[in-house]
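Derivation of every value follows stated rules applied to the coordinates shown; laboratory data play no part. It should be emphasised that the depicted structure is a prediction, and the values quoted were computed from it without experimental measurement. FYI the Cβ positions are ideal-geometry reconstructions off the backbone, even for glycines, and counts take in every protein chain you see.
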Amino acid sequence: AGAPGLHSPEQIAAWQKITAGVHAENGHIAVQLWHTGRISHSSLQPGGAAPVAPSALSAGTRTSLRDENGHAIRVDTSMPRALETAEIPG
């Protein structure tokens, strides 16, 4: 919650304005993907599953969610589960 996204038509339109401004000044811009891993929350995962991380160790920190009114709130991160070797393609 509160992090810039690039997955809805509205977000894409907003980023196009920013990208055009950067290009107008002969600048370069790129998208950086972010996998939250152990910093995620189970309420954001399919079926409420535990977030996936390299190991089942808590981050011991907080993350941002949205409450029923759409306001950003801070909550404890969920306990992740370790990624299994069989889940890695190839």
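Would you say Ala50 is surrounded by 10 or more Cβ atoms within 10 Å (Cβ to Cβ) and part of a loop (DSSP other than H, G, I, E, B)? Taking the combined requirement at face value, the residue satisfies it. Within the set of pairs 6+ apart or on separate chains, which have a first residue in the range 23-37 that is under 13 Å from Ala53 (Cα atoms), a second that is among the aliphatic types (A, V, I, L, M) and surrounded by 10 or more Cβ atoms within 10 Å (Cβ to Cβ), and C-beta atoms under 6 Å apart? Going by the 6 Å Cβ cut-off, the qualifying pairs are Gly37/Ala53. I'm trying to understand the selection: among the residues of the range 53-90, which are hydrophobic (A, V, I, L, M, F, W, C), surrounded by 10 or more Cβ atoms within 10 Å (Cβ to Cβ) and farther than 20 Å from Gly5 by Cβ? Correct list: Ala53, Ala56, Leu57, Ala59, Met79, Ala82, Leu83. Considering the conditions (1) exposed (fewer than 10 other Cβ atoms within 10 Å of the Cβ); (2) among the hydroxyl-bearing types (Ser, Thr, Tyr); (3) touching a Ser or Thr at 6+ places or on another chain (Cβ under 9 Å), Ser40 is excluded by exactly one of them, (1).
For beta carbons closer than 7 Å, sequence separation of 6+ or different chains, a first residue in the range 56-71 that is on the phi > 0 side of the Ramachandran plot and a second that is among the aliphatic types (A, V, I, L, M), there are no qualifying pairs.
Considering the range 23-37, the residues that are over 11 Å from the mean Cα position of the chain (by Cα) and not in a loop (DSSP other than H, G, I, E, B) include one that is nearest to Val75 (Cα to Cα), namely His23.
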